[in-house]
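Take a look at the structure set out below.
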Amino acid sequence: MEVNQYLDVFLDESREHLQAVNDNILVLENEPENLSLVNEIFRSAHTLKGMAATMGYEDIASLTHKMENVLDSIRNNQLKVTTEVIDIIFVAIEYLEEMVEDISNGNDGKKDVTKLVERLDRFEKGEQPAADEAAATLETEVADAIAIDLDEFQMTIVDQAEEQGFSAYKIIVTLSDQCVLKGARAYMVFEALEGKGETIKTNPATEEIEEGNFENEFELIFLSKEPKDNIKSIIQSVSEVKEVRMDNVTFKSKNTQHAVEEDSSKTVEEKTNKSKQTEENGAAQHASKTIRVNLERIDDLLNLFEEVVIDQSRLDVISNQLRNPELRETVEHMNRVSSDMQGLILAMRMVPVDQVFNRFPRMIRGLARDLNKKINLEILGAETELDRTVIDEIGDPLVHLIRNSVDHGIELPEVRKAAGKPEEGSIILRAFHSGNHVFIEIEDNGAGINIEKVRAKAVENGIVTPEEAAALTKDEVAELILASGFSTADTISSVSGRGVGLDVVKSKIESLGGNISIESKEGEGSIFSIQLPLTLSIISTLLVKCREETYAVPLSSIIETVLLEDDEILYTHGQKVMDFRGQVVPLLDLQTVLNIPEDGDDEERKNAVVVLKKGEKLTGLVVDSFIGQQELVLKSLGEYLGDVFAISGATILGDGQVALIIDPNALIK
């Protein structure tokens, strides 16, 4: 049977079943007696096994078969649901996800699952190991199961090194049990490797290793042109080194790791009649009706419709010039129909944020265990929909913010208890619509932001001067944690503390046309709020005139337009300002900002002001005149022009002219 034609369907459905297993396992951990959940997980694993066997992916079929046996033992009351059982099933899910991803990249999806199958066999027979043995085995298996993830900077180093013929190795060094000066021995290992290549990542962090803050082993990612055996013998020559394990490894950047899972298959689902039915007596849930459409076709359809929008604007101009009633009526009808078409096409591109949110429960569970914290994650509004383009980009920033809340926000159980709080901390991840925007909030009931510590650290790092720091409000101080290189962590951990992350979050969100704000009360918790546009392709704008040029300002950033008289323009510290309902708002002249040439008609210029808002900040943009509102197609400026200050793109107007689209975020900065 020719199976290649079914590959896309296999990949889509495999991801769906794995996600279903993942979600239900998390619930099962809290409801170990709920056999209906076990039945659901069993059915998902059984379906995945059948699909994999049909497609010829034997390793996936073998592993899911062993998972089935363990689940069957639970269903027949031969095995109890324990933390160790949950852990080993999670490892199996990691293996399966990695194999499915390997298949989607055009490979055969093969992986050595022998050790994991043996472990599952032991559970199936009821031979549950002691907790410490299980934890030790699990740690090794997880290390083998998950591909090493690197940030963008480290990935750049790897890419450049591989182009120059370097190989990437994962090295696990185990010291002898009698070793006293572990930090010194580890330092000797690094010194022995010096000149043979480059270490780009260690676990734990290098500082922790050199201080001896690890058990008997540590690992490093090493780039070298030396043969594997040579490197191994160099490390083994260091005294007190008991064992050296070394493997060639492949990497995936965090952007790839956290991308929405359906991205690789380029498909999108338009789901209708979505309903959850209560499981009774193990009856299967009814699947909702779906239609699978290749995402590239939806993009092509949107591109064609964008051309229709441009021609529609042209027809508007022509009908106004000819003043023909029948033509005017036809154009108005076309406007109504195209508006409905636009809504439908954009709705097809909308995907629920659940596709991003659904990976966080497992991530929180793992981080909480690593940091010895008790954390409950609550997800609200997962059905809220966003444009696919935004969904693909928002995953990584959310990961940074949640890790920040887990590490810096939620305190250790004993600290919370001493402060009169429940030992279990809470993180709420919520999404909701408001106007033409979607808001995503990460709220925790942890320690909040220590304003004075942030203020002192910002001065120490040279981000602000002592005088500037003293004049900042609490909210302004809190937002300093979004500055590049800023960190209040006293120690560097594998979770955070290097001063990278939140500045990347801020720049990524702003590149999507959104913004981020912070509310925090010391001792009570923090709320990180992200505001995002619903879509990035067709936007509502206000057309304005500046000299001979026409510009478009996104309506989502405009709160009002004002016509000022000359005597209403004030000055403070040499800066033009206006009084806007009792608030002093700085004025920016668009002609000055964009260096628009003079045309000699200064006397005819009017002080037309567009009041822009970003967060709590206001700015008045001075233009010559307002033209009117219009929906426009946002087109990229392309690689040739690169990043142009205060310009986010361009569009073609109804009269055939090109208008630049203003980026309000850049102006307010």
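Restricting the stretch 552-582 to residues that are among the charged types (D, E, K, R) and in a strand (DSSP E or B) leaves a set whose member that is nearest to ASP663 (Cα to Cα) is GLU560. Tell me, please, whether a residue that is more than 24 Å from GLU29 (Cα to Cα), at pLDDT below 70, out of contact with any Lys or Arg (no Cβ under 7 Å at 6 or more places or on another chain) and not charged (D, E, K, R) can be found in the stretch 141-154. Yes, the stretch 141-154 contains at least one residue that is more than 24 Å from GLU29 (Cα to Cα), at pLDDT below 70, out of contact with any Lys or Arg (no Cβ under 7 Å at 6 or more places or on another chain) and not charged (D, E, K, R).
Answer with yes or no whether SER520 is in contact with a helix residue (DSSP H, G or I) (Cβ under 6 Å, 6 or more places away or on another chain) and buried (at least 16 other Cβ atoms within 10 Å of the Cβ). Spell out how you get there, then give the answer.
Working: in contact with a helix residue (DSSP H, G or I) (Cβ under 6 Å, 6 or more places away or on another chain): yes; buried (at least 16 other Cβ atoms within 10 Å of the Cβ): yes.
Criteria met by SER520.
Of the residues LYS453, LYS417, the single one that is surrounded by fewer than 19 Cβ atoms within 10 Å (Cβ to Cβ) and free of Cβ contacts under 8 Å to residues at least 24 places away in the same chain is LYS417.
For the stretch 348-369, how many residues are in a helix (DSSP H, G or I) and either of a type outside the set (Phe, Trp, Tyr) or free of Cβ contacts under 8 Å to residues at least 40 places away in the same chain (or both)? Within the stretch 348-369, residues that are in a helix (DSSP H, G or I) and either of a type outside the set (Phe, Trp, Tyr) or free of Cβ contacts under 8 Å to residues at least 40 places away in the same chain (or both) number 14.
Taken together, the criteria exclude SER237 from residues that are over 21 Å from MET155 (Cα atoms) and free of Cβ contacts under 8 Å to residues at least 12 places away in the same chain. Take ASP23 and decide whether it is part of a helix (DSSP H, G or I), in contact (Cβ under 8 Å) with a residue 12 or more places away in the chain and closer than 24 Å to LEU79 by Cβ. Yes. A Cβ distance below 8 Å, combined with a sequence gap of six or more or placement on separate chains, defines the contacts here; from the stretch 374-396, residues that are closer than 27 Å to LYS417 by Cα and charged (D, E, K, R) reach residues that are surrounded by 15 or more Cβ atoms within 10 Å (Cβ to Cβ) and modelled with pLDDT under 90 in the pairs LYS374/ALA368. Looking at LEU48, LEU18, can you tell me which residue is at pLDDT 85 or above, buried (at least 22 other Cβ atoms within 10 Å of the Cβ) and touching a helix residue (DSSP H, G or I) at 6+ places or on another chain (Cβ under 8 Å)? Criteria check complete, one pass: LEU48.
The one condition from (1) modelled with pLDDT under 80; (2) in a helix (DSSP H, G or I); (3) under 25 Å from ARG15 (Cβ atoms) that VAL100 does not meet is (1).
Considering (1) within 31 Å of the chain's Cα centre (by Cα); (2) at pLDDT 85 or above, the lone condition that PHE90 does not fulfil carries the number (2). The set of residues in the stretch 103-128 that are assigned to a helix (DSSP H, G or I) and either of a type in the set (Val, Ile, Thr) or at pLDDT below 80 (or both) comprises ILE103, THR114, LYS115, LEU116, VAL117, GLU118, ARG119, LEU120, ASP121, ARG122, PHE123, GLU124. Of the residues screened, ALA469 is not one that is assigned to a helix (DSSP H, G or I), in contact with a helix residue (DSSP H, G or I) (Cβ under 8 Å, 6 or more places away or on another chain), within 26 Å of MET363 (Cβ to Cβ) and modelled with pLDDT under 85.
Within the stretch 43-79, the set of residues being within 33 Å of the chain's Cα centre (by Cα) and among the acidic types (Asp, Glu) comprises GLU58, ASP59, GLU68.
From the list ASP72, ASP8, pick out the single residue that is among the charged types (D, E, K, R), surrounded by fewer than 20 Cβ atoms within 10 Å (Cβ to Cβ) and in contact with a strand residue (DSSP E or B) (Cβ under 8 Å, 6 or more places away or on another chain).
Details: ASP72 fails: in contact with a strand residue (DSSP E or B) (Cβ under 8 Å, 6 or more places away or on another chain).
Unique residue meeting the criteria: ASP8.
Across the stretch 211-254, the number of residues qualifying as modelled with pLDDT under 80, closer than 17 Å to THR174 by Cβ and not in a loop (DSSP other than H, G, I, E, B) comes to 1. Looking across the stretch 527-540, the residues that are in contact with an Asp or Glu (Cβ under 6 Å, 6 or more places away or on another chain), farther than 16 Å from ASN665 by Cβ and modelled with pLDDT of 80 or more come down to ILE527, SER540. Answer yes or no: is there a residue in the stretch 85-95 that is of a type in the set (Asp, Glu), buried (at least 19 other Cβ atoms within 10 Å of the Cβ) and in contact with a Leu (Cβ under 8 Å, 6 or more places away or on another chain). The answer is yes; a qualifying residue exists. Here the strands (runs of 3 or more DSSP E) wholly within the stretch 376-455 that include at least 1 residues being among the aromatic types (Phe, Trp, Tyr) are 425-434, 437-444. Taken together, VAL610, VAL584, VAL623, VAL577 contain a single residue that is modelled with pLDDT of 90 or more, under 40 Å from the mean Cα position of the chain (by Cα) and under 30 Å from THR389 (Cα atoms), which is VAL610.
May I ask you to list the residues in the stretch 171-185 that are out of contact with any Cys (no Cβ under 9 Å at 6 or more places or on another chain), at pLDDT below 85 and not hydroxyl-bearing (Ser, Thr, Tyr)? ASP177, GLN178, CYS179, VAL180, LEU181, LYS182, GLY183, ALA184, listed by residue number.
The values are calculated or read from the model by the stated rules, or taken from the named source; none is laboratory data. Just so it is clear, the model here is predicted, and its values are computed rather than measured. Backbone-built Cβ (ideal geometry, glycine too); neighbour counts: all protein chains shown.
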